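The values are calculated or read from the model by the stated rules, or taken from the named source; none is laboratory data. These figures come from a predicted structure and were not determined experimentally. Cβ: placed from backbone, ideal geometry, glycine included. Neighbour counts: every protein chain shown.
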Amino acid sequence: MSLSMPELRAATGAVEELVHRTQVGALLDRYLIGLDEHHERELDESWAESLFTADARVEFPVGRHDGIDGLVAFHHTALAKFARTQHLNSGAVVDIEGEHATVRANLISTQVLPSGALFTTGTFARGEARLVAAGWRLRRLSFGLVWSSGEPPARSA
């Protein structure tokens, strides 16, 4: 069975879109795994640059950071409150429109406090990604709290 040129172009376009969707969804996966592995592998500028655009914004229920400058320090400060973390996310729903994409997933995050107590949250993650010369990068990433269990870490003064 051979494909006509229009069928071949359509198939090629479908494969290309599937590859882009997979790449955008993998950004969220790599971000969350990076957070969980930060005790073994230091989060650094190359980590941030492999995931985010220069004008990125990351928003959590307890704070936000704008721009890639200082993004690593922002994450170090947030993660310092926990002995360990584990993030489990659903498959990402990714929509592509040209060089822009949106991503949405559900997430359960378990944080182990220094005392050994657990603080667990259910959140939804939403993001926007852009295709740049180096590949897909997150421009916006936000987490909205749906539920929580346990006592959160004490806020810094």
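Condition check: among the hydrophobic types (A, V, I, L, M, F, W, C) and exposed (fewer than 15 other Cβ atoms within 10 Å of the Cβ). Does Val93 satisfy that? It is true that Val93 is among the hydrophobic types (A, V, I, L, M, F, W, C) and exposed (fewer than 15 other Cβ atoms within 10 Å of the Cβ). Among the residues here, Gly144 qualifies as assigned to a strand (DSSP E or B), within 17 Å of the chain's Cα centre (by Cα), loosely packed, with under 15 Cβ neighbours inside 10 Å and among the small types (Gly, Ala, Ser). Tell me, please, whether a residue that is part of a loop (DSSP other than H, G, I, E, B), touching a residue at least 12 places away in the same chain (Cβ under 8 Å) and either within 27 Å of Glu151 (Cα to Cα) or of a type in the set (A, V, I, L, M) (or both) can be found in the stretch 95-108. There is no residue in the stretch 95-108 that is part of a loop (DSSP other than H, G, I, E, B), touching a residue at least 12 places away in the same chain (Cβ under 8 Å) and either within 27 Å of Glu151 (Cα to Cα) or of a type in the set (A, V, I, L, M) (or both).
Among the residues of the stretch 27-34, are any in contact with a helix residue (DSSP H, G or I) (Cβ under 9 Å, 6 or more places away or on another chain), outside any helix (DSSP H, G or I) and either surrounded by fewer than 18 Cβ atoms within 10 Å (Cβ to Cβ) or at pLDDT 95 or above (or both)? No, every residue in the stretch 27-34 fails to be in contact with a helix residue (DSSP H, G or I) (Cβ under 9 Å, 6 or more places away or on another chain), outside any helix (DSSP H, G or I) and either surrounded by fewer than 18 Cβ atoms within 10 Å (Cβ to Cβ) or at pLDDT 95 or above (or both). The selection criterion, being farther than 21 Å from Asp36 by Cβ, within 17 Å of the chain's Cα centre (by Cα) and of a type in the set (Val, Ile, Thr), holds for Val93.
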